[in-house]
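Just so you know, all these numbers are worked out from the coordinates, no wet-lab data involved. Since this is a predicted model, take the numbers as computed values, not measurements. Note that each Cβ is placed from the backbone with ideal geometry, even for glycine, and that neighbours are counted across all protein chains shown.
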Amino acid sequence: MAQRAVKKNAITSDGIRSGFLSHLTHTIGRPLEFSSMVERYHALSHTVRDQLMEQWIQAVESYKNKNVRVVGYLSAEYLPGPHLMNDLQALDATESCREALVSLQVDLDDLAREEPEPGLGNGGLGRLAACFMDSLATLGVPAIGYGLRYEFGIFRQEIRDGWQVERTDKWLQFGNPWELPIMDASFEVGFGGRTETYTDDSGLVRWRWIPGRKVRGVPHDTPVPGYRNGFVNRLRLWSAEAVDSFDLSDFNAGDYMGAVRQKVESETISKILYPSDDNDAGKRLRLAQQYFFTSCSLQDMVRLHKLQGKPITEFHQKWSIQLNDTHPSIGIPELMRILLDEELLGWEEAWEITQATFGYTNHTLLPEALERWSLPLFAALLPRHLEIIYEINERFLDRMRNRFPGDADRIRRMSMIGEEGERTVRMANLAVVGSKAVNGVAELHSDLLKQSTLRDFYEALPDRFSNKTNGVTQRRWMMLANPPLSSLINEAIGTKWHTDLWELRELERFVSDSAFLERWRRTQEATKAKLSQYIEETQGIKTDPQSIFDIQVKRIHEYKRQHLNALHILSLYCQLKGNPNVTFTPRTFIFGGKAAPSYVMAKLIIKLICTVGDLVNNDPDVKGRLKVVFLPDYNVSLGQRIYPAADVSEQISTAGKEASGTGCMKFQMNGAVTIGTLDGANVEIRKEVGQDNFFLFGLTTQDIDQITQKGYRPQEFYERSSKLREVIDGLSEGRFSRGDREVFRPMLDQLLNVDPYFLLADFDSYTSTQAQVGAAYADAKRWNRMSILNSARSGKFSSDRTIREYCSDIWKVPVPSSSGAPKNTTPNPQTKRRSK
Ligand code: 26V
């Protein structure tokens with residue numbers, strides 16, 4: 001009798017069906033017929049989590065007792081996106097699940113739409129952490145991602161009359177079926193108070209910290225499954241609770257409010273994510289958050305280390321800790337404090353262990369984003385840590401004085417304490433000195449770090465520095481986000497690319513196959529049609545799937561220059577108004593992204609985009625050839641709809657400002673062609689795809705240095721370019737804003753007088769390159785070829801490659817050979833040859 005081979009441990013449709021019904025009854029307490037969508041979603045999520053738990057326990061057992069090093073990834077932010085479909089995919093259970101639900105007249109996609117995504121991050125840095133977690137699990141590397149369980153994540157964005165309005169994110173409102181609180185692994189974290197010395201039994205003088213108050217951290221664990229390898233890591237997020245739920249003496253004395261005040265204050269620590277992605281210096285709560293989650297995480301690692309019966313002196317052999325930016329860099333003095341004050345080691349030994357444990361990743365060159373804490377604030381909250389930092393600093397600066405005698409300026413710049421104006425603690429300096437490895441996130445960024453921001457440190461400690469170009473997971477950004485394209489690729493070249501993205505280069509065999517080119521085009525058009533439908537349903541704007549979908553999604557920031565994009569659209573609009581019958585490749589411009597609530601200029605950029613949209617979408621002269629859409633509340637889920645539908649990827653930051661960018665990679669994988677500056681990872685994308693398959697424009701970092709030295713005068717560019725004058729004057733005279741001459745005044749003043757991000761200098765280059773984009777698109781065959789080549793040459797940008805590099809160069813952890821992707825990470829000869 002013919003029988004379908006059932007894989008060992010395969011998750012069957014019957015299994016899911018009975019698990020789902022059982023959870024509806026026993027966990028939710030509702031019969032199927034009276035259950036709501038949310039309840040069904042919860043029942044299904046519990047069913048899937050059950051499967052993960054079994055694998056989780058197996059995975060923990062498999063490495064607990066072995067001598068493997070574990071990665072501790074410390075990040076204040078994670079943006080994992082919805083779990084359900086991702087975890088089903090990892091378990092290879094999507095089809096059985098669909099089948100099981102169909103038999104109950106329930107639709108899987110309906111349930112998946114009920115999942116609120118955990119918005120526990122601002123942007124690229126948080127999403128990178130989530131891609132890394134996916135790759136670590138898929139490569140079978142034991143790792144724990146540590147962070148904060150914010151009760152309120154990044155705000156929901158609404159647009160009212162073209163302005164951003166923030167609404168509270170309540171992702172935990174209906175409970176979170178993916179997490180498991182682990183009550184017996186909680187820790188206390190101290191704040192404030194004072195330090196004192198005492199003499200220990202052997203007559204040595206020692207320090208101890210007597211905190212003024214304590215807060216309890218409770219871990220909530222979310223399983224992170226590897227892709228079809230039976231391996232599961234965990235994301236461990238700390239939630240703050242009061243050490244005692246209320247103070248009994250206050251309570252007995254009748255002070256009910258006083259009794260709960262402490263509880264409320266403690267819980268504040270993990271209440272809300274700071275929605276700004278540059279510096280929030282002076283925010284005491286932010287420092288408290290950083291110390292809280294870092295201390296809990298270190299205590300947890302020390303506990304796990306000791307559970308294995310290992311001496312604390314071997315801590316660095318068991319753990320490799322990566323600092324995702326400086327946010328957790330307080331971990332350096334915290335580990336020192338644990339080793340000195342609690343484990344009673346001597347300074348030298350403690351310092352050796354600490355330095356051998358940490359690696360530090362820098363994610364920004366913007367000076368305003370480098371963390372500095374006011375010294376009095378720091379001293380009040382973390383007095384013992386400040387003492388330790390002073391000692392680290394003194395010893396380090398002594399070494400530097402020997403290395404660079406007489407160079408007082410250099411010593412001042414390298415100090416962990418800033419003395420100009422208000423005294424500050426400089427976290428980047430601490431992170432560099434306390435780590436064995438320091439890295440940037442793209443080649444250009446790492447070079448600029450060495451030449452500018454961290455130059456003194458590079459000169460003193462050159463071996464510490466390296467580059468680790470970012471990557472993104474193809475499992476979420478292609479397979480989950482773009483099933484039609486993924487199927488087409490599977491059919492053409494098989495499925496090895498799921499765990500080895502270099503395999504996509506096999507697509508190059510098809511670039512001259514007109515039948516394949518046509519299928520590629522039709523697939524993309526169908527995906528664009530789906531986004532069109534979403535846009536019409538949510539925004540009431542009609543868009544043409546045959547027009548160029550030209551997309552810019554990312555946080556709104558002046559350096560990312562969404563307003564340069566908007567100025568170009570206005571210029572196209574003027575062109576159409578001037579000659580309504582001009583030949584013109586129709587375009588749909590799509591934007592998405594949040595502005596920090598306090599960032600006035602970023603909010604004005606959103607207003608500009610929406611104003612341009614109102615203008616062009618409804619003008620009969622435009623004849624529908626130009627559409628502008630601002631999609632509100634850009635997040636991971638929306639990104640999954642957007643990236644697959646792009647023809648053109650806008651990566652137009654001022655050269656030298658974007659550390660890497662990762663959206664660029666998501667677009668490229670899905671076959672979009674980039675228009676971009678030589679900034680961040682664009683440089684490497686262009687190297688991979690070749691200059692013919694990338695639209696380059698704008699000033700380079702060197703050009704900008706030169707212009708700056710000579711003195712940049714944006715007015716000159718305005719005077720020289722008639723196109724630029726047309727849009728600037730139009731804005732200034734209110735011609736694009738129903739006569740309102742004031743609304744964009746602050747932006748125009750800034751552009752004409754200062755223009756710190758060189759929009760006016762880059763405008764002509766940008767518009768003429770955009771004209772080339774239009775012409776290229778008009779030649780469908782040429783465009784499809786470019787699109788395929790972009791996807792085919794995106795192998796380098798898998799986070800699997802990035803994680804392999806961290807494992808071998810920084811963490812020194814082996815990647816199990818049984819894991820999906822091959823060991824070899826060198827680029828293929830073909831793409832090498834094409835490199836410029
Ligand atoms: C800083 C702060 C300061 C205090 C308030 C909250 C907060 C949140 C985030 C940050 C750091 C922002 C740095 C960042 O996100 N950098 C981005 O990192 C991406 C991943 O490496 C990279 O692709 C982007 O180019 C880079 O801007």
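With the dipole of the chain worked out from charges on the C-beta (+1 for Lys and Arg, -1 for Asp and Glu) around the Cα centre, which of S514, G656, P484 lies farthest toward the positive end?
S514
What trypsin sites (Lys or Arg not before Pro) in segment 608-652 are in a loop by DSSP, with at most 16 other Cβ atoms within 10 Å of the Cβ?
K623
Rounding to the nearest 20 debye, state how big the charge dipole of segment 484-604 is about its Cα centre with +1 on each Lys and Arg Cβ and -1 on each Asp and Glu Cβ.
540 debye
Could you name the aspartates and glutamates in cross-link range of K530, using Cα to Cα under 19 Å and dropping any fewer than eight places away on the same chain?
Those aspartates and glutamates meeting the cut-off are D107, D109, D110, E518, D544, D550, D633, D647.
Under unit Cβ charges (Lys, Arg +1; Asp, Glu -1), what dipole magnitude, rounded to 20 debye, does the chain have relative to its Cα centre?
So the dipole magnitude of the chain works out to roughly 1760 debye.
Over the chain, what relative contact order in percent results from Cα pairs under 8 Å that are six or more residues apart?
It rounds to 13 percent for the chain.
Work out the charge dipole of the chain with +1 on the Cβ of Lys and Arg and -1 on the Cβ of Asp and Glu about the Cα centre, then indicate which of A130, S415, A778 is farthest towards its positive end.
A778
Past the 23 Å Cα-Cα mark, which pairs from K436/K468; K468/K710; K436/K812?
Among K436/K468; K468/K710; K436/K812, the Cα-Cα distance tops 23 Å for K468/K710.
Counting only DSSP beta bridges with both residues in the chain, what percent are antiparallel, rounded to the nearest 5?
Given both bridge residues lie in the chain, the antiparallel proportion sits at roughly 45 percent.
Compute the Cα gyration tensor for segment 547-795, then decide on rounded, prolate or oblate, letting a ≥ b ≥ c be the square roots of its eigenvalues: rounded whenever a/c is under 1.5, prolate when a/b is larger than b/c in the other cases, and oblate in all that remain.
In terms of gyration-tensor shape, rounded.
Which residue, A10, S22, I182, has the largest displacement toward the positive end of the dipole of the chain when charges sit on each Cβ (Lys, Arg +1; Asp, Glu -1)?
A10
Sort 132-139, 384-391 for me by packing, meaning the mean count of neighbouring Cβ atoms within 10 Å per residue, highest on top.
The peptides rank, most packed first, as 132-139, 384-391.
Which order do the peptides 674-680, 732-738 take when ranked by the mean count of other beta-carbon atoms within 10 Å per residue, highest first?
674-680, 732-738
Just to confirm the filter: which trypsin sites (Lys or Arg not before Pro) across segment 82-160 are DSSP coil and have at most 14 other Cβ within 10 angstrom of their Cβ?
R113
Taking the Cα centre of segment 547-795 as origin, sum charge times position over the Cβ atoms of Lys and Arg (+1) and Asp and Glu (-1), and report the length of that vector in debye to the nearest 20.
Rounded to the nearest 20 debye, it is 540 debye.
Show me, bin by bin at 10 Å from 0, the whole-percent P(r) of the chain based on Cα pairs.
Whole-percent P(r) values from 0 Å outward: 2, 12, 22, 25, 20, 12, 5, 1, 0, 0.
Would you please classify the overall shape of segment 1-156 from the alpha carbon gyration tensor, given that a ≥ b ≥ c denote the square roots of the eigenvalues, rounded means a/c under 1.5, and beyond that prolate means a/b larger than b/c while oblate covers the rest?
Since a/c reaches 1.5 but b/c is at least a/b, the shape of segment 1-156 is classed as oblate.
Classify segment 315-470 from the C-alpha gyration tensor, please: rounded if a/c falls under 1.5, else prolate or oblate depending on whether a/b exceeds b/c.
Cα axes put segment 315-470 in the rounded bin.
Among 552-560, 778-786, 510-518, how do they line up by average Cβ neighbours within 10 Å per residue, starting with the highest?
Per-residue mean Cβ counts within 10 Å order the peptides as 552-560, 778-786, 510-518.
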